[in-house]
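Data first, discussion second: the structure below is written as structure tokens.
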Amino acid sequence: MIESEYFDSPIIAIDFDDTIVISDYPEIIGFKPGAKKAIKKLKDAGCRIVIWTCRTDTDKVEEFLIKNNVPFDAINDNSAITDEEWKRTGFEDTRKIGADLVIDDRAIEFKDNWNEITKRLIGGSCNG
């Protein structure tokens, strides 16, 4: 299991459209294969789940997840972080979700690999 550097238990932010669900915005078509089961496993393992979405109709997202028995702790906010964790870390609540990991269909994993990233995105290097 992943360990949290800052929090009592890991917080994982997961993008909604095209990561958890297949959508033709604004329509939600169904789940991406394996998403529902994976989120339940993460929650059962003690992770806190924050749904991360650009949708403004978060009530629709919440309704869909509850109707389909998908566990989550928050949508688009930092309410999964306890008051004690805020105090201990010295962090302040911002628009950015406080998370140990982010799962997103548009993400690029960063591991001090700017050259690899620029090569992938524009075919060049950022050396020199």
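Since every read-out is calculated from the coordinates, none of them should be taken as a lab result. Being a predicted model, the structure only gives us computed values, none of them experimental.
Numerical summary
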{"item": "Read-out volume of the Cα convex hull per residue in Å³, derived from the coordinates shown; its label in (1) 108; (2) 182; (3) 151", "result": "(3)"}
{"item": "Relative contact order (%) - criterion: Cα under 8 Å, at least six apart; region: the chain", "result": "29 percent"}
{"item": "Gain upon complete extension [Glu63, Ile22; 0.36 nm per residue less C-alpha separation]", "result": "13.2 nm"}
{"item": "Theoretical ellipticity at 222 nm over the chain - DSSP helices of four or more residues, -39500 (n - 2.57) apiece, nearest 500", "result": "-8000 deg cm²/dmol"}
